[in-house]
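Undergrad: Take this structure first; my questions come after.
The values are calculated or read from the model by the stated rules, or taken from the named source; none is laboratory data. Note that the structure is predicted; figures quoted are calculated from it, not measured. We place every Cβ from the backbone using ideal geometry, glycine too, and count neighbours over all the protein chains shown. Each accessible area value is taken on the protein alone, full model and side chains, heavy atoms only, with ligands, DNA and RNA left out. Shrake-Rupley method; radii C 1.70, N 1.55, O 1.52, S 1.80 Å.
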Amino acid sequence: MESSVIGIITTKNRRKFLMRAVYSALSQTRKPEMLIVCSDSDNLECVEYEKKYMFEKNILYIHNNFCKNCSGVRNSAVYYYIKRNIKSLCDFDTKYIAFLDDDDEWDKSYIEKCYMASTNGSDFVVSGIVFRKGNEEKALSIPNELSISAFLQGNPHIQGSNIFVKLSTLLKSGLFDENLSSSVDRDLLIRLMQLKPKYTIINEHLVYVNVDNTRWRISNSIEQKKQDLRKFYLKYASLMSKEVEEIFFARNKKLFDIDKNDIVYNPAKISHTSNTPVIQNSLKYEGRIVVGIVITNPNLGRRLINEILNLNLRIKIVIVKNYNGTILSITDIISKYSCEVYIHNCNKTIREICTTRNILFDTLYNQSCKEDVIWVLDDDMQLSYISSNGEKLKTDISAAIYKYKGKYHAIVGDYTMDPPLPTLSVVRTKLVDYMYHKSGYRGGIVLDNMKDYYYDLSERTGEHLETPFLLQDEELKLNAIFSGKATSRFLYLDFHEDKQAINCGGNVIIFYRELLKIKHNSLSIANNVGRRSDFFWVLESIRNGYNIANVPFATLHNRSISSFNYERESNKLLRDIIGSSCTKTIEKIGISYNYSLLSTTFMDILISRLSKYIMSYYRIMGILQILDEKEYSPYFTTSSLINFIKRGQEIAFNTDLNKEWKNLIQKLNKL
């Protein structure tokens with residue numbers, strides 16, 4: 001298939017420069033297949049002008065939805081292209097991206113010459129640049145070859161506007177690091193070079209970079225430059241030889257007057273709150289606690305029940321057995337204690353969490369009485385938690401009951417350690433950490449107060465995606481990562497105030513038994529029942545007048561290490577994307593009878609999440625390629641990705657979408 005070129009121009013509040021850049025793009029002897037202008041402008045007058053000008057020129061115009069820096073605006077444009085073309089499932093190996101900053105220009109033959117140079121299958125093409133300052137021009141040297149060391153010690157005259165790169169290769173590199181505001185091009189080129197790519201150097205100066213003093217550059221902000229150089233150094237110090245390190249520090253002193261001590265300075269770690277348990281009480285609860293567990297893994301169930309029984313409280317255990325095999329290993333433990341137990345056997349293994357939760361709640365209602373406290377736990381929980389500064393502490397159920405009973409109808413506790421998400425939505429960031437660990441990364445980069453630092457498909461931020469975290473346990477291997485374990489990026493109990501609950505998860509204490517009558521619901525499309533049904537349980541509980549809070553009471557989410565099953569994990573991820581898209585739709589629209597609006601909103605959110613997953617998936621392929629990994633690489637292929645996206649499309653463009661939304665809304669309104 002013949003390759004094509006997508007031009008991406010990024011801009012911020014510089015319409016005069018932007019017009020010049022657009023003119024150079026439109027004047028190309030070989031026109032790009034698509035030209036996208038992505039703006040980070042915050043001047044309303046400038047934004048309106050940009051919209052009008054791009055409309056007149058028939059250029060796609062979008063606003064940056066990612067981090068507010070040059071990395072974010074470039075990544076936002078790539079994401080937009082993927083989302084816009086997701087229905088056609090285009091071959092990213094045949095698409096090249098040509099970036100252009102708004103105050104730079106291309107020679108009119110730039111795209112044509114880069115395109116011709118790429119026909120040998122190159123992953124990227126670079127050409128020479130000319131610095132312009134006023135009426136003066138200076139042609140910079142063009143390197144004969146490229147190496148990681150060259151980008152570690154400086155910049156061999158390659159930057160955003162003269163990077164012409166295959167889209168699949170760009171995605172495998174992880175795109176631009178949104179935690180950096182400068183040195184972003186060097187950072188990207190290092191990660192591109194780690195892929196051992198095929199590249200072509202054009203020995204011609206085809207890009208003009210304007211460096212007028214009137215132009216604001218991040219390099220002009222010394223404090224920001226210091227921060228970015230620290231991050232860059234901490235990220236790549238383990239790859240630097242002593243000679244390269246000396247050149248790196250000397251260059252920064254010469255160009256920016258930044259001393260070595262300003263760069264190697266290790267910022268203080270985030271100041272955390274006290275280690276003292278948030279909920280404290282020396283009294284044991286005297287009433288009966290009915291613990292409900294859906295057991296899908298007997299080994300995990302046995303571990304949890306053993307901890308529950310060792311609390312030495314009045315306990316009744318209600319089990320929904322949802323696996324094939326005997327339950328004797330669990331009942332043997334219980335028989336050693338004077339503990340009531342009731343077991344509901346599922347006739348066959350049920351994969352939908354929504355269904356098993358409803359079975360558990362119905363069973364709990366029938367097996368409890370008004371005075372009981374109900375504690376619902378997932379089978380992979382343990383009765384401890386990790387505090388905000390990393391200390392492991394005991395979970396105190398008695399203290400939680402004494403503190404919150406009478407104040408709320410139910411409380412939702414937190415998870416710590418392993419994220420409660422499908423493996424395929426957390427594996428990318430864990431692989432980033434693992435890869436840097438293998439290269440000798442020593443840590444030091446701090447992401448303060450960042451949400452979703454463990455989630456690959458986050459809508460909130462992308463700053464965490466290419467920022468390495470230290471491994472929590474250096475002995476853990478890839479099989480732990482592909483089991484969904486938190487080999488790095490632990491979840492911690494990081495808040496001390498009660499909050500309005502949004503969902504309930506696998507650690508819930510119910511004080512008012514009638515709440516067990518409220519059903520878990522989710523959207524079901526083409527035989528795929530969405531996850532996150534607990535969102536609707538909380539929503540309907542609140543709509544019925546109940547007071548439910550998310551409180552600083554936590555357990556340890558400790559998954560087991562298991563064999564990786566790609567099909568199982570793909571199914572789990574698809575159901576999670578359906579569920580999360582459904583809940584986001586309700587958060588945005590509310591409980592509405594406008595089923596068409598619900599469907600179109602859901603479709604847009606779901607396609608957005610699929611697009612994020614495409615970006616994440618390619619990065620997984622890239623890291624496995626860098627690691628030369630043989631066990632897991634065969635699972636991650638473009639054909640496997642296409643099959644997954646096709647399944648997602650069947651959901652997004654399903655003709656029964658309106659009908660399924662109607663069914664869900666009617667169920668909710670019957671409660």
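Undergrad: For Ile163, which sequence-distant residues (separation of 5 or more, or a different chain) have an amide H within less than 5 Å of its own amide H, given hydrogens modelled in the peptide plane?
TA: Correct list: Phe99.
Undergrad: If eta is 1.306 mPa s and T is 10 °C, what Stokes-Einstein diffusion coefficient results for the range 478-525, Kirkwood Rh from Cα pairs, in µm²/s? Don't skip to the answer; put the middle values down first.
TA: Details: Rh = 15.0 Å.
For the chosen part, D equals 106 µm²/s.
Undergrad: So with the 1.4 Å probe, I'd like the accessible area per residue for the chain, rounded to whole Å². Don't jump to the answer; show the numbers that get you there.
TA: Values: 28360 Å² over 671 residues.
Value returned for the chain: 42 Å² of accessible area per residue.
Undergrad: Additional query: Can you list which of the trypsin sites (Lys or Arg not before Pro) found in the range 59-107 are DSSP loop residues with at most 16 other C-beta atoms within 10 Å? Please list the in-between numbers first.
TA: On the way: sites: Lys68, Arg74, Lys83, Arg84, Lys87, Lys95; in loops: Lys68, Lys87.
Sparse-neighbourhood loop trypsin sites (Lys or Arg not before Pro): Lys68, Lys87.
Undergrad: While we're here: For Cα pairs less than 8 Å apart in space and 6+ apart in sequence, what is the mean separation divided by the residue count of the chain, i.e. the relative contact order in percent? List each step's numbers first, then the result.
TA: Values: 1264 pairs, mean separation 85.9, N = 671.
That works out to 13 percent.
Undergrad: According to a simple spin-label model (label point 7 Å from Cα along Cα-to-Cβ), what is the distance in nm between Ile343 and Arg460?
TA: 4.1 nm
Undergrad: Continuing with the same structure: For the range 460-587, what mean projected area does the convex hull of the alpha carbons give, in nm²? Don't skip to the answer; put the middle values down first.
TA: Working: hull surface 41.5 nm².
Reported value for the Cα convex hull: 10.4 nm².
Undergrad: Once the Cα atoms of helix 427-438 and of the chain are each reduced to a long axis, what angle between those two axes, in degrees from 0 to 90 to the nearest 10, is obtained?
TA: Orientation of helix 427-438: about 70 degrees from the principal axis.
Undergrad: Could you work out the Kirkwood radius for the chain, taking every pair of different alpha carbons, averaging 1/r and inverting it, reported in Å? Intermediate values should be presented prior to the final figure.
TA: Details: mean 1/r = 0.0366 Å⁻¹.
Across the chain, the inverse of the average 1/r is 27.3 Å.
Undergrad: Please work out the Kirkwood hydrodynamic radius for the range 511-640, using every pair of different C-alpha atoms, and report it in angstroms with one decimal place. Each step should come with its number before you reach the end.
TA: Numbers: mean 1/r = 0.0565 Å⁻¹.
With all distinct Cα pairs of the range 511-640 included, I get 17.7 Å.
Undergrad: Which of the peptides 641-650, 177-186, 562-571 is most tightly packed, and how do the rest follow, judged by the mean count of other Cβ atoms within 10 Å per residue?
TA: For the peptides 641-650, 177-186, 562-571, the packing ranking is 177-186, 641-650, 562-571.
Undergrad: Assuming R0 = 41 Å, what is the FRET efficiency of Tyr53 and Ala549, from their Cβ-Cβ distance, to the nearest 0.05? The partial results should precede the final answer.
TA: Working: r = 50 Å, r/R0 = 1.23.
Here the calculated transfer efficiency is 0.25.
Undergrad: On a full-extension model of 0.36 nm per residue, what is the gain between Lys198 and Arg568, subtracting their alpha-carbon distance, rounded to one decimal in nm? If you can, show how the numbers build up before the last one.
TA: Working: separation 370, 0.36 × 370 = 133.20 nm, distance 3.53 nm.
That works out to 129.7 nm of additional length.
Undergrad: Relative to the longest principal axis of the C-alpha atoms of the chain, give the angle of the C-alpha long axis of helix 657-670, reported between 0 and 90° and rounded to the nearest 10°.
TA: Taking the Cα atoms of the chain, the angle to 657-670 is about 40 degrees.
Undergrad: Turning to a different aspect of this structure: Show me the ranking of peptides 588-596, 659-667 by mean Cβ neighbours inside 10 Å, starting with the highest. Kindly include the intermediate steps, with their values, before the conclusion.
TA: Details: 588-596: 13.1, 659-667: 16.8.
Put in order of decreasing packing, that is 659-667, 588-596.
Undergrad: List the extent of the Cα atoms of the range 326-436 along each of their three principal axes, largest first, rounded to whole Å.
TA: 52, 40, 30
Undergrad: With a Förster radius of 41 Å, plug the Cβ-Cβ distance of Asn663 and Val446 into 1/(1 + (r/R0)^6) and report the FRET value to the nearest 0.05.
TA: On the way: r = 47 Å, r/R0 = 1.15.
About 0.30, to the nearest 0.05.
Undergrad: Between 0 and 90 degrees, rounded to the nearest ten: what's the tilt of helix 566-589 against the longest Cα principal axis of the chain?
TA: The angle comes out at about 90 degrees.
Undergrad: Which value does Rg/Rh take for the range 63-149 over its C-alpha atoms, Rh per Kirkwood? Don't jump to the answer; show the numbers that get you there.
TA: Values: Rg = 16.0 Å, Rh = 15.9 Å.
My calculation puts Rg/Rh at 1.01.
Undergrad: Of the accessible area of the chain, with the probe set at 1.4 angstrom, what percent is carbon plus sulfur?
TA: Numbers: 13350 of 28360 Å².
Carbon with sulfur: 47 percent of the solvent-accessible area.
Undergrad: Still on this structure, I have one more. Taking only DSSP H segments of four or more residues, each worth -39500 (n - 2.57), what value at 222 nm results for the chain once the sum is divided by all its residues, to the nearest 500 deg cm²/dmol? Mind dumping the intermediate values first?
TA: On the way: 21 runs with 261 residues, N = 671.
Rounded to the nearest 500, the figure is -12000 deg cm²/dmol.
Undergrad: Cβ neighbours within 10 Å, averaged per peptide: list 150-158, 376-384, 632-640 in order, most packed at the top.
TA: Details: 150-158: 19.9, 376-384: 21.8, 632-640: 14.7.
The peptides rank, most packed first, as 376-384, 150-158, 632-640.
Undergrad: Another question about this same structure. When only DSSP loop residues count, what GluC sites (Glu not before Pro) in the range 436-483 have their Cβ near at most 12 other Cβ atoms within 10 Å?
TA: On the way: sites: Glu459, Glu463, Glu466, Glu474, Glu475; in loops: Glu459, Glu463, Glu466, Glu474, Glu475.
Taking the range 436-483 and a limit of 12 other Cβ atoms within 10 Å, the loop GluC sites (Glu not before Pro) found are Glu474, Glu475.
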